[in-house]
Amino acid sequence: MTIRGSKELLNVVLEKKRFLLSAHERPDGDAWSSLAAMTLLLKSFGKEAAVIGNAARAREYSFLTEQLSFDTMGPWDAFIALDCGSKSRIAGGAAPGAYLINIDHHADNDRYGDLNIVEPRLSSTAELIWRLSGEWKAENLPRDFYLAVYTGIMTDTGNFSYSNTSSETLKAASDILTVLGDPAELHTRIYHTLSPERVLIRGRVMSRLRLHCRGRIVLSHVTREDMEELGLTPDDLEGAVDGLRSVGGSEIYILMKEKEGAVRLSIRSKGKISVNGFAASLDEGGGHDFAAGATFRGTLEEAEKAIVAYWEERL
Ligand SMILES: [Mn+2]
């Protein structure tokens, strides 16, 4: 498989000099990894790159930010949006006037760029950048490039377990490990370095789980009080939905996160039923077939009723 638009993008990279990069708001593992990997790929072609983002919020991904420049003083020849399904979700917004390059793997990507490299078949934007590096025959990529790509693939596939994990994905991971060696340390750094409070909130999520729609849906919630009491920010809830997946017989699992006047939903499917349409029916909805997010206007109780009403007829 070749990446559509790969040659056009290489021409842009060769022709231009200075690149400003951004990913989606509240970057996850794939977003930080893509920022790091793309920066290092551009540098291997002798280009300059800087990143829009708040390194202080990278936390378990902070090892990926060490080689990045956050000095966003222009002018820039091109702007690269990574892992971002729509223009409105680009952290900091796209630089006005700059040539806009959209590199992503979200199926609902609306092709907002001057050049769009969108591959929903790939597990992650990191895997897409890995493919580009191969097609471009990039040379002298540092170890950190491999580390970044592996991290992005690993986190977006739930440790190579979700349905977006293809044999090609595992082939990429395998090739990367010939450079990186043992992945155990990386795994520990990302998954086993949570603060006690972040582990505790996961415990609360698990202890509150309940079933709906004949056990096909698993729901749980986090209140604003929880967040205050444990001193957590929304970033601390990344991955908190994952434990709900373990319930046998369920197809969809949803974590409801209370906000002021609204509830943010993390919506996941085990891989049989697409949840993207449900997310899109709500505010700020978007994502992939089997992992999406959206905002419900109302209380936790109202959100739960609305979720059950929607899925009752469809499951
Ligand atoms: Mn991604």
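The values are calculated or read from the model by the stated rules, or taken from the named source; none is laboratory data. All figures in this text were calculated on a predicted structure; none of them were measured in a lab. Using ideal geometry, Cβ is built from the backbone for each residue, glycine included, and neighbour counts are taken over all protein chains shown.
A compact table of results
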read-out: Sole residue being of a type in the set (Phe, Trp, Tyr), in the same structural domain as ALA58 (by TED's automatic domain parsing), modelled with pLDDT of 95 or more and closer than 26 Å to ARG245 by Cβ, chosen from TYR162, TYR99, TYR150; value: TYR150
read-out: Which numbered condition ALA126 misses (of (1) buried (at least 24 other Cβ atoms within 10 Å of the Cβ); (2) farther than 17 Å from LEU180 by Cβ); value: (2)
read-out: Number of positions in the range 22-42 that are in contact with a strand residue (DSSP E or B) (Cβ under 8 Å, 6 or more places away or on another chain), among the aliphatic types (A, V, I, L, M) and more than 15 Å from the ligand (Cβ to nearest atom); value: 1
read-out: Test result for LEU35, of a type in the set (A, V, I, L, M) and either over 16 Å from the mean Cα position of the chain (by Cα) or over 26 Å from GLY293 (Cβ atoms) (or both); value: no
read-out: Among residues of the range 174-185, those that are over 13 Å from ALA148 (Cβ atoms) and assigned to a helix (DSSP H, G or I), counted; value: 6
read-out: Among the candidates ARG198, ARG189, residue that is surrounded by 13 or more Cβ atoms within 10 Å (Cβ to Cβ), part of a helix (DSSP H, G or I) and touching a helix residue (DSSP H, G or I) at 6+ places or on another chain (Cβ under 6 Å); value: ARG198
read-out: Candidate set from the range 141-159 (those that are touching a residue at least 60 places away in the same chain (Cβ under 8 Å), within 24 Å of ALA292 (Cβ to Cβ) and of a type outside the set (Val, Ile, Thr)); member that is nearest to the ligand (Cβ to nearest atom); value: ASP156
read-out: Meets criteria (at pLDDT below 95 and away from the ligand (no atom under 16 Å from the Cβ)) for GLU66; value: yes
read-out: Among (1) surrounded by fewer than 22 Cβ atoms within 10 Å (Cβ to Cβ); (2) within 11 Å of the ligand (Cβ to nearest atom); (3) of a type outside the set (A, V, I, L, M, F, W, C), the one test that TYR112 misses; value: (2)
read-out: Conditions (1) in a helix (DSSP H, G or I); (2) modelled with pLDDT under 95; (3) among the β-branched types (Val, Ile, Thr): number failed by THR2; value: (1)
read-out: Cβ-Cβ under 6 Å pairs, at least 6 apart or on other chains, the range 92-105 side away from the ligand (no atom under 16 Å from the Cβ), far side not hydrophobic (A, V, I, L, M, F, W, C); value: GLY92/SER22; TYR99/ASP114; LEU100/GLY113; LEU100/ASP114; ILE101/GLY113
read-out: Considering residues of the range 115-140 that are among the small types (Gly, Ala, Ser) and without any contact (Cβ under 8 Å) to a residue 60 or more places away in the chain only, the residue farthest from the ligand (Cβ to nearest atom); value: GLY134
read-out: Selected residue [in contact (Cβ under 8 Å) with a residue 12 or more places away in the chain, out of contact with any helix residue (DSSP H, G or I) (no Cβ under 6 Å at 6 or more places or on another chain), surrounded by fewer than 16 Cβ atoms within 10 Å (Cβ to Cβ) and hydrophobic (A, V, I, L, M, F, W, C)] from ALA31, ALA55, ALA50, ALA78; value: ALA55
